[in-house]
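Student: Shown below is the structure under consideration.
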Amino acid sequence: MKRLLQTTALAMLVATPALAQEITVGAANVAPYLDPGRDHSNVGSQFYYNAFDVLIDRDYNKREVEWLPALATEWTLLEPTVMELKLREDVVFHNGDPMTADDVVFSLNRMYQATFPPYQVRARDRLGNFDRAEKVDDYTIRIHAKREEPLWETLINLQQGMIIPAAYTMALSGDPDVAEDSDFEAFSLAPVGTGPYKIAEFVPNERIVYERFGEFWGEAAPLERATVRRIPETASRITALRTGEIDLATNIAPDQLSLIEAEPTMKAVGSATALFHVMIMNQNHEVMKDARIRQALSMAIDRDALNEALWLGKAVVPASHTMEEFGELYMPELETFEYNPERAKELLAEAGYNGEEIVYDSQSTYYTNGLLAAQAIMEMWANVGVNGRVNVIEEWTGGSPAMMVRSWSNPMYFADPFGSFGVMWAPNGPSESEGRFNTDAEYAEIWERFRFSTDIEARKQAYAELMERIKADAPFLPLYRPYESWAMRTDLEWAPKPGHIPYVLDFRAGSIEFASN
Amino acid sequence: MLKYMTRAGLKIAITFLAIVTLAFAATRLSGDPINYIAGQGLTQADRDLLVTYYGLDRSILEQYLAFMGSFFDGEFGLSFVERRPVSVVIAERIWPSLQLLLASTALTLALAIPLGIVAAVWRKSWVGSAVMTLAFLFYAVPNFVLAVFMILVFSYWLNWLPVVGNGTWAHFLMPTIAMSGLLIAGLTRFTRNAMLDVLGQDFIRTARAKGLAETEVILRHGLRNASITILSVIGLQVASLAAAGSVVVESIFAWPGIGELLVRSAIQRDYPVLQFGVIAVSIAVLIINAVVDLAYTWADPRIRLGEA
């Protein structure tokens, strides 16, 4: 037994990262592939910023937008539809290739003029206004937009705008001078960028090992090595943190926070994620097509009570589809969604609701507290006389004509209402295309002003009008911004930064340090 | 023996074809992989684009033929989600799973058979009762409860054992015990009952009467004759372990094995991985059955393979 204990102790010693410059992260999920252009998942978004750069970066320490030079050192609008960018000249990719205009044009055009279907899909909803990028000289490029673009920097700053090496990628398969689909498939398993960490090892769905990249153009990475490993069970992640097997754990549910706070060796940080859990309602379902019914279903829900009960009051309940991250377009004054059970009863009576069953589709565990929220909502509906039933289903039913109500989420893909509300609720966008949301000429006209006005006030006005339409049509209700937590060793200083999109694990200089150092 | 081998081979081939077809059909019925590959909220046009790209617009027959064809290219197709050859994805995980399976089987045999014998021989003393009480207790505890309980005690409180991964032998202790707890309990009970049956037989009395030592009576005459029953149970138990027993344990201990892979690919509708994962597990079960069949001939020389 003594020997057993000794060996075990030895094993523990080996498993404990004693060197302060190395950390191990226990993540609920590790990405199945790594390609910033193709990906927009919550899982994938965690991993790109350490290894890839965009042309124009921003100060992520604050919510207010401040653009910073990154791979581009300066940018000028030559014409309303043409932007010229000067590129940094000392940038080297992780494979040793120097970065030039060819790489930048290749990276941007793989999205703007996508031929690879996963890129086409990703580019269409957010980069549709960009026609092409062209090389002027080795360190100057121009981006051509189809129409005057109010969101130049925002859309260049996207994860989909991260720069990858052209020659390396094209040589991954087939003809080394041609970008084939198989090149992009291969890239997603052997990703190369220009960021402060190179990806030294990647086992899909299992492990990512970052190593400090010595030739990074900016401030050197604070960690020699960071290993992210998948630990699907929350209890195992927390225990592994306590045993010292990992230093940082992602996706800690709110009910675990008291446990962590009670331990002197662990602490938790969190924030209300820039993402709404939403309840969507099918405008075209026979029982649901009267807008008053949908308004009533929405008004019956006491979202503050859900927040208190499920999120310890740490989630954020919005009055409209708006977030502080939207900067000048943050409009807390809008009152699009309210709790008013009395009015809900009246609306149901006016609409002639006769107790028809209303089915709420919810996945069992996909959204933290999702099923509990659905069950609580059934009680709230019952209080106004709605006959609701939760249907636990893992399938996506958002495209089914039989879907009545279901849980969903609207992440902020980039810091603008276009990057959150806009991606999902555009005319002919996913929600309309799936047949549960209707728009008309008037909506499209307001949308045009919201998307393309170069005047901030005009965009705000148009967004307010869109929210009036959403209030009247009630196609969805944002429940709250969920509170997402990370747990870590007490001497580790890390926190999600307010300027990032949700879930980014930022280990760059100034973003992570050890208190004991 | 040759006749047996031919027949067994044919039986395996037919079983295999049935499994392969079933794996193909069942995964196809399980839902739409596009939602998991590209996220929810796609326009119909984009959805169609991806359906074509991933070859899901082909007829079921074409997909079936492509699937059968993928046996011969050595890659078994490409994972929808990871974009790697399925052979690579599965190969990465077979060894960790096999290690856990072997460790659990070894632990089960090493503990359950002696305990079962002890419980049978000393059935009237407190020793027998104690063994059976423990066996009953462990038989009632699901493996995930045992796993979480051990994590709480040995990792969270005592900090003796690592929780996640498979790096050192210390990593094996808790997963192995969690996997085999139920099996040890079950097999102990079966061994005891089988031994009790045999020990009541006439030939045991004869063996004692002719003056054999009690140990020899129990082990040579008792255990050998009880072993047919015990072997069948072991076969079933190990097969069930290979098929499903590891799923929860692998998830809890972040053990990079096949069980965890199967669950994840089922959730993600990663058909290519899922169907070959099912096939890999089926092959394991077939192998286990074949080994048990062979072991029967050792246990009872009267059994001649191929004459059934």
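Student: Considering only the other residues whose Cβ falls under 10 Å of the Cβ of A:TYR49, what net charge follows from Lys and Arg at +1 and Asp and Glu at -1?
Tutor: Working: positive: A:LYS497, A:ARG508; negative: A:ASP53, A:ASP57, A:ASP506.
With Lys, Arg at +1 and Asp, Glu at -1, the net is -1.
Student: For chain A, calculate the relative contact order in percent as a whole number, restricting contacts to Cα pairs under 8 Å that are 6 or more residues apart. Show your work: numbers first, answer last.
Tutor: Numbers: 1080 pairs, mean separation 104.7, N = 517.
After rounding, I find 20 percent.
Student: Using a 1.4 Å probe on protein heavy atoms only, how many Å² of accessible area do B and A hide from each other, summed over both chains and rounded to 100? Let's see the in-between values first.
Tutor: Details: alone 16880 and 20950 Å², together 33740 Å².
Interface between B and A: roughly 4100 Å².
Student: Please provide three numbers in whole Å: the alpha-carbon extents of segment B:13-168 along the principal axes, with the largest listed first.
Tutor: 73, 44, 28
Student: Okay, next question. With a cut-off of at most 15 other beta carbons within 10 Å, and DSSP calling the residue loop, which trypsin sites (Lys or Arg not before Pro) in segment B:80-188 qualify? Please list them. It would help to have the intermediate numbers written out before the result.
Tutor: On the way: sites: B:ARG83, B:ARG93, B:ARG123, B:LYS124; in loops: B:ARG83, B:ARG123, B:LYS124.
Here the sparse-neighbourhood loop sites are B:LYS124.
Student: Show that you can apply the helix-only estimate: for chain A, add -39,500 (n - 2.57) for every DSSP H stretch of four or more residues, divide by all residues, and state [θ] at 222 nm to the nearest 500. Provide the component values of the computation, followed by the final result.
Tutor: Values: 17 runs with 154 residues, N = 517.
Only helices count here, giving -8500 deg cm²/dmol.
Student: Another one. Given axes a ≥ b ≥ c from the Cα gyration tensor, I'd like to know whether segment A:344-449 is rounded (a/c under 1.5), prolate (a/b larger than b/c) or oblate.
Tutor: Working: a/c = 2.03, a/b = 1.36, b/c = 1.49.
Judged from the Cα gyration tensor, segment A:344-449 comes out oblate (a/c at least 1.5, b/c at or above a/b).
Student: Taking the Cβ-Cβ separation of A:ALA319 and A:ASN95 as r and a Förster radius of 45 Å, what is the calculated FRET efficiency to the nearest 0.05? Walk me through the intermediate numbers first.
Tutor: Details: r = 49 Å, r/R0 = 1.09.
In this case the efficiency is close to 0.35.
Student: Right, something else. Apply 1/(1 + (r/R0)^6) to the Cβ-Cβ distance of A:ASP137 and B:LEU10, taking R0 = 56 Å, and write down the FRET efficiency to the nearest 0.05. Can you show the working numbers first?
Tutor: Numbers: r = 71 Å, r/R0 = 1.27.
In this case the efficiency is close to 0.20.
Student: Taking the Cβ of B:MET174 as the centre, find all other residues whose Cβ is under 14 Å away and add up their charges (Lys, Arg: +1; Asp, Glu: -1).
Tutor: Values: positive: none; negative: A:GLU233, A:GLU245, B:GLU250.
Its environment carries a net charge of -3.
Student: Loop only by DSSP, 16 or fewer other Cβ within 10 Å of the Cβ. Give me the GluC sites (Glu not before Pro) in segment A:107-174 that pass, ordered by residue number.
Tutor: Working: sites: A:GLU134, A:GLU148, A:GLU153; in loops: A:GLU148.
When the GluC sites (Glu not before Pro) of segment A:107-174 are filtered for loop state and at most 16 Cβ neighbours within 10 Å, A:GLU148 remain.
Student: If you place +1 on the Cβ of every Lys and Arg, -1 on the Cβ of every Asp and Glu, and leave all else neutral, what size is the dipole of chain B about its Cα centre, to the nearest 20 Debye? Don't skip to the answer; put the middle values down first.
Tutor: Details: 22 positive and 19 negative charges, 255 e Å.
Around 1220 debye, computed over chain B.
Student: Classify segment A:375-517 as rounded, prolate or oblate, taking a ≥ b ≥ c as the square roots of the eigenvalues of its Cα gyration tensor: rounded when a/c is under 1.5, otherwise prolate if a/b is larger than b/c and oblate if not. Before the final figure, lay out each step's value.
Tutor: Numbers: a/c = 2.51, a/b = 1.34, b/c = 1.87.
It is oblate, given that a/c is not under 1.5 and a/b is not larger than b/c.
Student: How about A:LYS267: which lysines have a C-alpha closer than 27 Å to its C-alpha, ignoring those fewer than 8 places off in the same chain?
Tutor: A:LYS62, A:LYS314, A:LYS497
Student: For chain B, which DSSP H helices look membrane-span-like by this rule: Cα extent along the axis of 24 Å or more and mean Kyte-Doolittle of at least 1.6? Don't skip to the answer; put the middle values down first.
Tutor: Working: long enough: B:2-28 (39 Å, 1.11); B:86-121 (51 Å, 1.73); B:170-199 (40 Å, 1.00); B:224-240 (25 Å, 1.06); B:271-299 (41 Å, 1.69).
Membrane-span-like by this criterion, though nothing is claimed about a membrane: B:86-121, B:271-299.
Student: Quick check for you: with a 1.4 Å probe and neighbouring chains kept, what is the accessible area per residue of the protein assembly as shown, in Å²? Display every interim value, and only then the final one.
Tutor: On the way: 33740 Å² over 825 residues.
Per-residue accessible area for the protein assembly as shown comes out at 41 Å².
Student: May I ask you to give the percent of accessible area on the protein assembly as shown that is carbon plus sulfur, with a probe radius of 1.4 Å? Don't skip to the answer; put the middle values down first.
Tutor: Numbers: 19730 of 33740 Å².
Summing carbon and sulfur atoms, their accessible area is 58 percent of the total for the protein assembly as shown.
Student: Among the trypsin sites (Lys or Arg not before Pro) within segment A:284-337, which fall in a DSSP loop and have no more than 13 other Cβ atoms within 10 Å of their own Cβ?
Tutor: In loop regions of segment A:284-337 (DSSP not H, G, I, E or B), the sparsely surrounded trypsin sites (Lys or Arg not before Pro) are A:LYS289.
Student: Can you bin chain B into rounded, prolate or oblate? Criterion: square roots of the alpha carbon gyration tensor eigenvalues sorted a ≥ b ≥ c, rounded for a/c under 1.5, prolate for a/b above b/c, oblate for the rest. Please report the intermediate quantities before stating the final value.
Tutor: On the way: a/c = 3.29, a/b = 1.67, b/c = 1.97.
Here chain B falls in the oblate category.
Student: In the Gaussian network model of chain B, springs joining C-alpha atoms below 10 Å, which of B:PHE71, B:PHE80, B:PHE172 carries the largest mean-square fluctuation?
Tutor: With Cα springs under 10 Å in chain B, the top fluctuation among B:PHE71, B:PHE80, B:PHE172 is at B:PHE71.
Student: Treating only the Cβ of Lys, Arg, Asp and Glu as charged (+1, +1, -1, -1), what charge dipole size does segment A:84-154 show about its Cα centre? Round to the nearest 20 debye.
Tutor: That gives segment A:84-154 a dipole magnitude of about 440 debye.
Student: Give the cross-link partners of B:LYS11 among the lysines, using a straight C-alpha distance below 22 Å as the criterion and excluding same-chain residues fewer than 8 apart.
Tutor: Straight-line reach from B:LYS11, under 22 Å: B:LYS3.
Student: Can you tell me the FRET efficiency between A:GLU442 and A:ASN284 if r is taken as the Cβ-Cβ distance and R0 is 22 Å, rounded to the nearest 0.05? It would help to have the intermediate numbers written out before the result.
Tutor: Working: r = 18 Å, r/R0 = 0.84.
Working from the Cβ atoms, E equals 0.75.
Student: In addition: Does any residue of segment B:61-87 lose at least 40 Å² of accessible area with all protein chains in place compared with its chain alone, and if so which ones (probe 1.4 Å)?
Tutor: Listed in order, they are B:VAL81, B:GLU82, B:ARG83, B:ARG84.
Student: In the full protein assembly as shown, how much of A:ASP290 is accessible to a 1.4 Å probe, in Å² to the nearest 10?
Tutor: Counting only protein heavy atoms, the figure is 50 Å².
Student: Still on this structure: Restricting to DSSP H runs of at least four residues, report the calculated mean residue ellipticity at 222 nm for chain B, -39500 (n - 2.57) per run over all residues, nearest 500 deg cm²/dmol. Don't skip to the answer; put the middle values down first.
Tutor: Values: 13 runs with 211 residues, N = 308.
Calculated mean residue ellipticity at 222 nm is -23000 deg cm²/dmol.
Student: Follow-up question, since we're still on this one. Can you give the log10 of the normalised intensity I(q)/I(0) at q = 0.05, 0.06 Å⁻¹, computed with Debye over equal Cα scatterers of the protein assembly as shown?
Tutor: Taking Cα atoms of the protein assembly as shown as identical point scatterers yields -0.33, -0.47.
Student: About the Cα centre of the protein assembly as shown, what is the dipole size in debye to 20, counting +1 per Lys and Arg Cβ and -1 per Asp and Glu Cβ, all else neutral?
Tutor: On the way: 68 positive and 98 negative charges, 1048 e Å.
My answer is approximately 5040 debye.
Student: Something else: So how far apart, in nm, are the two label points at B:THR168 and A:TRP67 if each is 7 Å from Cα heading toward Cβ?
Tutor: Each label point is offset 7 Å from its Cα along the Cβ direction, giving 5.3 nm.
Student: Just the number: Rg to Rh for segment B:1-85, Cα atoms, Kirkwood Rh, two decimals. Walk me through the numbers on the way to the answer.
Tutor: Values: Rg = 17.2 Å, Rh = 15.2 Å.
That ratio is 1.13, to two decimals.
Student: Still on this structure: Any idea how far apart B:LEU294 and B:ASP197 come out in nm if each label point goes 7 Å out from Cα toward Cβ?
Tutor: 2.5 nm
Student: Another question, then. On the full set of protein chains, 1.4 Å probe, figure out the accessible area of A:PHE216 and give it in Å² to the nearest 10.
Tutor: 30 Å²
Student: Along the Cα→Cβ direction, 7 angstrom out, place labels at A:THR490 and A:GLU333. What is the inter-label distance in nm?
Tutor: Each label point lies 7 Å from its Cα, and together they span 4.8 nm.
The values are calculated or read from the model by the stated rules, or taken from the named source; none is laboratory data. Note that the structure is predicted; figures quoted are calculated from it, not measured. Quick reminder, even Gly has a Cβ in these numbers, built from the backbone with ideal geometry, and neighbours come from all protein chains shown. The accessibility values were calculated without ligands, DNA or RNA, using every heavy atom of the protein model including side chains. Shrake-Rupley method; radii C 1.70, N 1.55, O 1.52, S 1.80 Å.
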